[in-house]
Amino acid sequence: MRTLRTVLFMTILTLLLVFAGRALGGNTGMAIALVVAAAMNFGAYWFSDRMVLAMYGARPISETEYPELNSMIRELCGRAGLPIPKLYLIDIDTPNAFATGRNPEHAAVAVTSGILRILNREELMGVLGHELAHVKNRDILIGSIAATFAGAISMLASMAQWGAILGGGRSEDRNGGGIFATILFSIVASLAATLIQLAISRSREFVADEGGASLTGEPKYLASALQKLHVGVEKIPMEANPSTAHMFIVNPLRGGGLVSLFSTHPPLEERIKRLMSRAA
């Protein structure tokens, strides 16, 4: 069911991108938007992993540097039937982790030095299991494409909105309230794209929690890790790029109230509740 929902959401994002292109430039704009969509899919598929690793200054971890971590990843990959991903270290005190890569054969798992300090072996197993579930489900690719689409839709919608305001819209749209319709569509399209991208991200987090719990055989490992990571991020916030926030196991960006409605992650309490329910 969650897979079908993700496919539906991705289809809606594609349609929103096309319609945003049409609002900006008519049929020509729609054709351009389709070309942009194809180019973004290509870029997200081939280059998103290298870009995000470079963005956070991640460096490869050798076998001898963290032997226990390498041992855990090999054990979990053996259980999951996955190729062993490359391990990377981000040298910051904020405890967090993420997986990246276009497919299981080209995957990487990055952990911060902070997470290695505060989690015990079982909790680290839970975190690694969660990230390997993302790899197995190809969630990294899905999330990267969804985030790229949402950003492009917002950009096109903003261009269409300002074009209408400044009189740059097509002549047929400047009659009969066409300008106001374009502005309204631009606002709705941008908001809808953001909400859909967030819905995809939250849904895949729940799936990865379940997959990680199955890999380790003990949901409490991940539940305990999530609680510690949440506290750790609150104490030592991370200067993360909002466009990559969905990749981390816990949201690296702090914020409550209305901000939490636009979070890339489901509520921590709900994630822990589901994991403890599995444990019971």
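Coordinate-derived values only; no laboratory data. Quantities reported herein were computed from a predicted structural model and do not represent experimental measurements. Positions of Cβ are backbone-derived with ideal geometry, glycine not excepted, and every protein chain shown enters the neighbour counts.
A few notes on this one:
- Taking amide H as placed 1.01 Å from N in the peptide plane, THR112 has its amide H under 5 Å from the amide H of ILE90, ASN96, each at least 5 places away in sequence or on another chain.
- Full extension of the chain segment joining GLU68 with LEU195 gains 41.8 nm, where the gain is 0.36 nm per residue of separation less the Cα-Cα distance.
- With a simple spin-label model that places each label point 7 Å from the Cα along the Cα-to-Cβ direction, the separation between SER158 and PHE47 comes to 2.0 nm.
- Linear extension gain, ARG138 paired with ALA54, 0.36 nm per residue minus alpha-carbon span: 28.2 nm
- Taking 7 Å steps out from each Cα toward its Cβ at VAL35 and PHE180 produces label points 3.5 nm apart.
- R0 of 35 Å, Cβ-Cβ distance ILE12-GLU234: FRET efficiency to nearest 0.05: 0.55
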